[in-house]
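Each remark here refers to the structure printed beneath this line.
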């Protein structure tokens, strides 16, 4: 039995492939090693994994996660997974590689993530060959849920929201400016807190012009500061994974077109296509080994 997992900062999608190639899907919270340690991940997984999951029968775990930028951060996740999946070979890779494999398979191209955070790359069909760092949610992450949420929260704190939106926002969350500041600056997982308000932007039907403007500005910053900085970016199709990209795909497609890119795939989650990639790779490996 093997497991394929796609871990964002907010949610992790898991798929168990049993010995008959049957797929069993489940979810846990997300684990970004910039914000949580191995102990936290172990405790969360003990609560979040299905109780009937045959941990001792799993021989391979392929985990792709947000924040796995280097060996040190990857080891935090490896150490946690090894505690639970003690008989398994653990492979931990970047969620950007998961996005590229899900969106492009073994074809070369451009791939991006627009979820809680932002990421992007050029992929050669096997490896990521060019990557511009998004600089994370404090310094960058243009186009992400946290970027959109921060703009919304800033407008609320400064009294810059249109009155109808401000009333709807307070009615929905019952948060004061002081409470927002406390959540952002003194409590853990501020990126996830900020990103959670992108749902309000998506659900809002009070003042579409205002909220669409926030999304448009976020995607403009994403293309101006990240996408357009890739060499010859216009020769690639624009491919994207993530809830923010998917939920606001009409605005995203318009922005890609404005920047001279044809639109390829825009998916909510990579897990189905990622599982397909691993099944096909395993089949090729088995064929080669015959």
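Read the figures in this text as sums done on the coordinates, not as results from a lab. Treat the numbers as computed from the prediction; the structure is a model and nothing was measured. So basically every Cβ, Gly included, is an ideal-geometry build from the backbone, and we count neighbours across all protein chains shown.
Assorted remarks:
- C-alpha long axis of helix 38-48 to longest principal axis of the chain, angle in °: 90
- DSSP assigns beta bridges within the chain; of those with both partners inside it, close to 55 percent run antiparallel.
- Antiparallel %, DSSP beta bridges [both residues in segment 1-71], to 5: 70
- Most mobile listed residue (168, 111, 98) in the chain, GNM with C-alpha springs under 10 Å: 168
- Order by protection proxy (mean Cβ within 10 Å, highest first), peptides 136-148, 116-128, 84-96: 136-148, 116-128, 84-96
- Relative contact order for the chain, counting Cα pairs under 8 Å that sit 6 or more residues apart, in percent: 17
- Highest-first packing order for the peptide set 222-230, 159-167 is 222-230, 159-167, based on the mean count of other beta carbon atoms within 10 Å.
- Remark: 110, 200 ranked as 200, 110, counting other beta-carbon atoms within 10 Å and listing the fewest first.
- Degrees, to the nearest 10: 208-225 long Cα axis against longest axis of the chain: 60
- Simple spin-label estimate for residue 179 and residue 257 gives 4.1 nm between the two label positions (7 Å along the Cα-to-Cβ direction from each Cα).
- Prolate/oblate/rounded call for segment 227-290, Cα gyration tensor, a/c under 1.5 rounded: oblate
- Distant alpha-carbon pairs in segment 70-135 (separation over 21 angstrom), percent: 35
- Per-residue ellipticity at 222 nm computed for the chain from its helices equals -14000 deg cm²/dmol, with DSSP H segments shorter than 4 residues left out and the rest contributing -39,500 (n - 2.57).
- Taking segment 163-290 and dividing mean pair separation by its residue count, relative contact order in percent (alpha carbons under 8 Å, at least six apart): 19
- Residues of segment 90-104 with amide N under 14 Å of a point placed 7 Å along Cα→Cβ from residue 27: none
- When 63, 31 are sorted by how many other C-beta atoms sit within 10 angstrom of their C-beta, beginning with the fewest, the order is 63, 31.
- Whether segment 139-203 is rounded, prolate or oblate, judged on the alpha carbon gyration tensor where a/c under 1.5 counts as rounded: oblate
- Between 0 and 90 degrees, the angle of helix 163-173 with respect to the longest Cα principal axis of the chain falls at about 40 degrees.
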